[in-house]
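To keep things clear, I will list the structure first and then write my remarks on it.
The values are calculated or read from the model by the stated rules, or taken from the named source; none is laboratory data. What you see is a predicted model, and the numbers here were worked out from it, not measured in a lab. Because the Cβ atoms are built from the backbone with ideal geometry, glycine has one as well, and the counts that use them run over all protein chains shown.
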Amino acid sequence: MGLFFSKSDALDFTVLPSDHIEGPLGLGFPEDDSLNQVEKDTLIPALCMQHVRKNYCAEPWAALADCSGKWHWASLALCRRQFDTAMNCNKRYLSDPDFREQMTKRYLELRAIYRSTGLEPKY
């Protein structure tokens, strides 16, 4: 049993491919501003969505959560107005290229902190 689960044969999973591990902690250089496809397509939009829901559209999303909590399964039909309001608020910010650029800069700042300290910063 130890043959299959020995630590010396375990795979190491890293953020970057092993031939690209650089920087002070092996997490990449903090001052690097290049973005890979996963960061562009997944991480930055997720950061944008989180920022919008928490800071700009908190009230419509809270109203939708209250309505959904009150009506449970019937909320699909009864809370449509609150859902549309929350989604329109999101679309207003997420379709703005200046907001996207601002969030990209914020992501690069957070990534630089992570790469220099090894600690994941609080959003």
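Pairs please, first residue from the range 98-120 and within 17 Å of ASN36 (Cβ to Cβ), second anywhere and of a type in the set (Asp, Glu), Cβ atoms under 7 Å, 6+ apart in sequence or on different chains.
Here the result reads LEU108/ASP33; ALA112/GLU31; TYR114/GLU120, each pair linking the range 98-120 to a residue that is of a type in the set (Asp, Glu).
Just checking, does the range 71-90 include any residue being loosely packed, with under 14 Cβ neighbours inside 10 Å and at positive phi?
There is at least one residue in the range 71-90 that is loosely packed, with under 14 Cβ neighbours inside 10 Å and at positive phi.
Say we look at the range 10-44 and pick out the residues that are of a type in the set (S, T, N, Q) and at pLDDT below 90; which of these is nearest to GLU109 (Cα to Cα)?
Here the residue is SER34.
So which residues in the range 75-88 are in a helix (DSSP H, G or I) and in contact with a Lys or Arg (Cβ under 9 Å, 6 or more places away or on another chain), if there are any at all?
Listed by number, the residues that qualify are LEU78, ALA86.
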